[in-house]
Amino acid sequence: GMAGENNLFAQISADGKLVNFNWYMDCTDVNFGRDECVEKAGQFLNKLGYKSVKAVWTTQNGTTTYVNFAEEQNGVIIYADMIKVSVCMQRGEVYAADFKAYIECHKPRELASPAITVEKAERGLSSDLTVKTSRLCYIPLDNQTANGGKEKLAYEFWAESRGEDYYVYIDALTGKQLQIFKVVQTDEGTLLL
């Protein structure tokens with residue numbers, strides 16, 4: 001369809017949910033900063049009724065700020081319930097969003113209590129890492145979370161070593177390391193590998 005003078009593409013599920021959309025607009029200048037764009041993305045989702053999501057990752061590529069939101073239940077981040085939003089830094093407007101993972105995976109969860117403390121989990125990290133932040137989250141262990149795939153309660157640590165940033169996930173029940181990602185700066189923004 002058309003939105004003003006620009007093309008708009010959207011997919012709607014059979015039960016009427018917005019799955020994704022892309023509003024093709026020129027976005028060539030930077031008039032809004034990253035923090036303003038994150039706020040605009042949050043306001044946009046709030047208007048659509050997504051009131052319990054939290055921004056968990058942002059990156060910028062050229063004149064676009066990309067923001068990933070995840071469900072937050074009782075202070076615990078649920079990474080399978082993800083919404084990806086793109087904000088034009090010229091206009092300060094959301095021009096694309098992908099709700100597919102959220103729609104497929106979202107459900108109320110009975111949250112487990114951690115069996116170990118965050119301090120004990122942190123002691124299991126490499127001594128080369130300096131922790132910046134930590135939080136409790138559920139992480140998907142495969143790409144099949146929507147179809148009954150497994151999730152684990154974990155402590156997420158954002159840490160630094162020798163000028164490099166890492167995200168490390170420690171099982172909150174056993175203390176075992178589940179995943180580790182390195183933050184990599186590329187021409188297309190910041191990526192986790």
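The values are calculated or read from the model by the stated rules, or taken from the named source; none is laboratory data. Just so we're clear, the structure is a prediction, and the values are computed from it rather than from any experiment. Heads up, the Cβs are rebuilt from the backbone with ideal geometry, glycines too, and the neighbour counts pull from every protein chain shown. Note: accessible area is taken over every heavy atom of the protein model, side chains too, but ligands, DNA and RNA are not part of it. Shrake-Rupley method; radii C 1.70, N 1.55, O 1.52, S 1.80 Å.
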Pairing a residue in the stretch 73-92 that is at positive phi with any residue that is hydrophobic (A, V, I, L, M, F, W, C) and modelled with pLDDT under 95, where Cβ atoms lie under 9 Å and the two sit 6 or more apart in sequence or on different chains, gives Asn74/Leu111
Taking the stretch 83-96 and the residues there that are out of contact with any Phe, Trp or Tyr (no Cβ under 6 Å at 6 or more places or on another chain) and aliphatic (A, V, I, L, M), the one that is surrounded by the fewest Cβ atoms within 10 Å (Cβ to Cβ) would be Ala96
Within the stretch 27-44, identify whether any single residue is out of contact with any Gly (no Cβ under 6 Å at 6 or more places or on another chain), modelled with pLDDT of 95 or more and open to solvent by less than 10 Å² (accessible area, probe 1.4 Å), and answer yes or no. yes
Of the listed residues (Lys84, Lys47), the one being under 30 Å from Gly16 (Cβ atoms), more than 16 Å from the chain's Cα centre (by Cα) and of a type in the set (D, E, K, R) is Lys47
Log entry, pairs with first residue in the stretch 108-123 being farther than 22 Å from Val53 by Cβ and open to solvent by 80 Å² or more (accessible area, probe 1.4 Å), second being assigned to a loop (DSSP other than H, G, I, E, B) and small (Gly, Ala, Ser), beta carbons closer than 7 Å, six or more apart or on different chains, reads Lys120/Gly175
Residue hits (the stretch 2-16; modelled with pLDDT of 90 or more and either open to solvent by less than 90 Å² (accessible area, probe 1.4 Å) or over 21 Å from Gly49 (Cβ atoms) (or both)) are Asn7, Leu8, Phe9, Ala10, Gln11, Ser13, Gly16
Expected single match for among the polar types (S, T, N, Q), at negative phi, in a strand (DSSP E or B) and free of Cβ contacts under 8 Å to residues at least 60 places away in the same chain among Asn7, Asn22 is Asn7
Checked pairs for the stretch 166-189, first on the phi > 0 side of the Ramachandran plot, second in a strand (DSSP E or B) and polar (S, T, N, Q), C-beta under 7 Å and 6 or more apart or across chains, list as Gly189/Thr59; Gly189/Gln60; Gly189/Asn61
Taking the stretch 103-135 and keeping only residues that are farther than 16 Å from Gln177 by Cβ and in contact with a strand residue (DSSP E or B) (Cβ under 8 Å, 6 or more places away or on another chain), one is left with Ile103, Cys105, His106, Pro108, Arg109, Leu111, Ala112, Thr130, Lys132, Thr133, Arg135
Counting only residues in the stretch 97-107 that are touching a Ser or Thr at 6+ places or on another chain (Cβ under 8 Å) and in contact (Cβ under 8 Å) with a residue 60 or more places away in the chain, the one surrounded by the most Cβ atoms within 10 Å (Cβ to Cβ) is identified as Ala97
Within the stretch 179-193, of all residues that are over 14 Å from Trp158 (Cα atoms) and open to solvent by less than 60 Å² (accessible area, probe 1.4 Å), the one modelled with the lowest pLDDT is Gly189
Scanning the stretch 59-72 residue by residue, those at pLDDT 95 or above and either farther than 13 Å from Gly189 by Cβ or open to solvent by 30 Å² or more (accessible area, probe 1.4 Å) (or both) turn out to be Tyr66, Asn68, Phe69, Ala70, Glu71, Glu72
Among Lys40, Lys54, the single one that is charged (D, E, K, R), touching a strand residue (DSSP E or B) at 6+ places or on another chain (Cβ under 6 Å) and in a helix (DSSP H, G or I) is Lys40
